[in-house]
1. In region A:322-344, which residue that is away from chain B (no Cβ under 14 Å) and touching a helix residue (DSSP H, G or I) at 6+ places or on another chain (Cβ under 7 Å) is surrounded by the most Cβ atoms within 10 Å (Cβ to Cβ)?
2. Taking the condition away from chain A (no Cβ under 13 Å), part of a strand (DSSP E or B) and under 18 Å from B:Leu139 (Cβ atoms), does B:Ile174 pass?
3. Among the residues of region A:233-248, is there at least one that is within 14 Å of chain B (Cβ to nearest Cβ) and over 21 Å from B:Ser108 (Cα atoms)?
4. Return the residues of region B:295-315 that are more than 11 Å from B:Ala23 (Cα to Cα) and polar (S, T, N, Q); say none if nothing qualifies.
5. Which of the residues belonging to region A:421-441 are within 21 Å of A:Gly380 (Cβ to Cβ) and part of a strand (DSSP E or B)?
6. If you go through region A:249-308, how many residues are without any contact (Cβ under 8 Å) to a residue 60 or more places away in the chain, in a helix (DSSP H, G or I) and more than 18 Å from the chain's Cα centre (by Cα)?
7. Let me confirm something: among A:Ala267, A:Ala281, A:Ala302, A:Ala228, which residue is closer than 20 Å to A:Leu174 by Cβ and either away from chain B (no Cβ under 14 Å) or touching a Leu at 6+ places or on another chain (Cβ under 7 Å) (or both)?
8. List, please: which pairs have Cβ atoms under 7 Å, are six or more places apart or on different chains, and start with a residue in region A:176-202 that is within 14 Å of another protein chain (Cβ to nearest Cβ) and over 20 Å from A:Ile134 (Cβ atoms) and end with one that is among the aromatic types (Phe, Trp, Tyr) and surrounded by 24 or more Cβ atoms within 10 Å (Cβ to Cβ)?
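Any read-out appearing in this document is the output of simple, stated calculations on the displayed coordinates, not a laboratory observation. Everything numeric here is computed off the predicted structure, so don't read it as measured data. Ideal geometry is used to build each Cβ from the backbone, glycine not excepted, and the neighbour counts take in all protein chains shown.
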Amino acid sequence: MTSAHIPNGEGSVLITNVSIVGYERKDVLIDDGVIVDIAAPGALAQDESVAEATVIDGAGLIALPGLVDLHTHLREPGREDAETVESGTRAAAAGGFTAVHAMANTSPVQDTAGVVEQVARLGDEAGWVDVFPIGAVSIGLAGEQLAELGAMADSAARVRVFSDDGKCVADPVLMRRALEYVKAFDGVIAQHAQEPRLTENAQMNEGIVSAEIGLAGWPAVAEEAIIARDVLLAEHVGSRLHVCHLSTAGSVEIIRWAKSRGINVTAEVTPHHLLLTDELARTYNPIYKVNPPLRTEADVEAVREGLADGTIDIVATDHAPHPREDKDCEWAAAAFGMTGLETALSVVQQTMVDTGRMTWADVARVLSQNPARIGRVNEGPRAQGRPIAVGEPANITLIDPQAERPVDAAEQQTASTNSPLHGRTLPGAVMATFLRGRATVLDGQPVARTDKSAS
Amino acid sequence: MRHLLSTSDLSLEEAVRILDTTAQMAATQEREVKKLPTLRGRTVVNLFFEDSTRTRISFETAAKRLSADVINFSAKGSSLSKGESLKDTALTLKAMGADAVIIRHQASGAPYTLAHAGWLDAPVINAGDGTHQHPTQALLDAYTIRRHLMGETMGEPDSIGVVGKDLSGLKIVIVGDVLHSRVARANVYLLSTLGAQVTLVSPPTLLPVGVETWPCQISYHLDEAIDQVQPDAIMMLRVQRERMSSAGGGFFPSPLEYTRIYGLDAKRLGRLPEHAIVLHPGPMNRGLEISAQAADSPRSVIVEQVANGVAVRMAVLYLLLTGESSAGTAAHPTGKENS
């Protein structure tokens, strides 16, 4: 894939008076998709090249590097009734993302070079964000035989992240082989840690609430046992492991221990596990049904602490859209999952920044730099997660941290309405998103690409 | 009280009021003509997603004794077996003008969803949902216990039964599969609200993680519990034989071992206090959780529980459908002064 195929912004943009990752205010000049100058406010105004630039007033705004989601379900191909690559990536742009990794549990499954290339192409055509497909670990997510990981890695989609997400690679031998095999192309196995036998028919976190309301329990140990096994496997074979949506205090402890041993493991937490607890299940409203389930207050505190101290490397959305009928029913019959692309940054602000636990530079680390590095998309023609610096691709998100906005699931860009935050008011709003210099969001509204029909 | 979904929603006053109304209903059932005109013209729907002939018949009898029209809507032989959603069923019932919906469902929380999703305006009565709650069962158990143990002369209640009393001071032991039991959950909350001291006896595998926060004591040993608690009432829960063959090879090693450690046999029956009564929600597994001697002994009130079930359900239907739900405003559904 050559850079000629990658659309860049046309013309130049001058963002004035913007605070770069929460630090001092600067003017940032973008031209031809690249950050060409950063200077003190007003210093660039005399510059001739600036005369024709579109000026965006960044006063009161914070510039973050474009966000990178390592865990998005775009549902296409197969479940276009829930989401399409077009609607899902538009939601991503609205949430401040410039890249998403598209999970493999589509239909057909992203387990061949053909399917991952199809998803990548749909992403290019939509043009909202860079779409990096994730390849399945096993054929059909069945957990029996390795999918053609090498073919997907060598394909035009250049897959580096492999996951059976939605299902756990439970067979220890298959997991070992997968960890070993991806070493050949610097890949990573992103594990959905869920011991299947301990979670048969499980509906929610096993604990005080499940005991009382009579929903079958999903015990913390079912997650922790797999993570413990997998970090030891990764150590044994010298491979790279990524743990998806870690949700329990015990999981944080295991990751902390593994990192202290030098094991090459990274971990993610979702916005919903940073904010919500299993007490919400008392409403029996399946909008709160998710896998792994919402845990306890103590778990929420532990994942916040783990994210702040670097034990947890990234926040990833696990954006999981579902059609209305899959949530408009009794709890046991409902699908697992919640949307998150358009609220992730606000939840991180509320739980981590406004509480004083993280700086905006930390936010840039866990929502941009680290996920891009784990996905190995931080270099090359589509480099993501780069710093806001001269010569870097102009992937920039402008946010207004003072904004207060009500969440209305029906108003969101995603095609589905299963947001657990519907009706809440969240801090912070994405005002603009630039993908290589082109504004995908301006004034908080998505901006469709003008050359779309030509692509 | 707009719906009856869980006994944990009931205040002491509300619970006592239901028991008092039950006593009045029970008194009418001693009359030659059992039918009351109270709910004439009202339509009550029995919505059963799970087979339960006895509970359905009990509700149907209760509604008919109050002169309500009863529609039985069961999963088998209806659109439910063709995969119609709970929502569409609810909308159908609403369109038909149901005045109350009694729901039995295999999914915990389905009655709560039916009551709160905005699909339906009618009061919802939970007739057993998954492993969550079975409030009318707990109410009939509490009524039966009160009638026998809180009367002026213990064991010989008068025909109307006592009124106005809770279960303060009583010690009640519940034995069996607590993990999967909606009857156990419903009883723990109701009996403790009524002032009784509840002890659950179960193998550790059949207690849910999180049970330690329930308002009750826990024991793993029936013999110890009988000797230490000296219960006024003992309730044996049904143990489903399929629990033997589920994941992990089952929840206990064998039915014989279960019976040996947790079954109520003649010997254990003999060690109960003189006045203690034996309850079972039915249907019984004779020889597994309860022996024939225990089930058929004079201490057993199991058959009476069934009769009281009708009276309790009449009381609940009456209170929900006539809006006579606040404690203290004396209602006289039977047309007799409360004496």
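1. That would be A:Leu341.
2. Considered against the rule, which asks whether it is away from chain A (no Cβ under 13 Å), part of a strand (DSSP E or B) and under 18 Å from B:Leu139 (Cβ atoms), B:Ile174 comes out as yes.
3. Among the residues of region A:233-248, at least one is within 14 Å of chain B (Cβ to nearest Cβ) and over 21 Å from B:Ser108 (Cα atoms), which makes the answer yes.
4. B:Ser297, B:Ser300, B:Gln305
5. A:Thr433, A:Phe434, A:Leu435, A:Arg438, A:Thr440, listed by residue number.
6. Matching residues across region A:249-308 total 19.
7. A:Ala228
8. Filtered contacts from region A:176-202: A:Thr199/A:Trp218; A:Ala202/A:Trp218.
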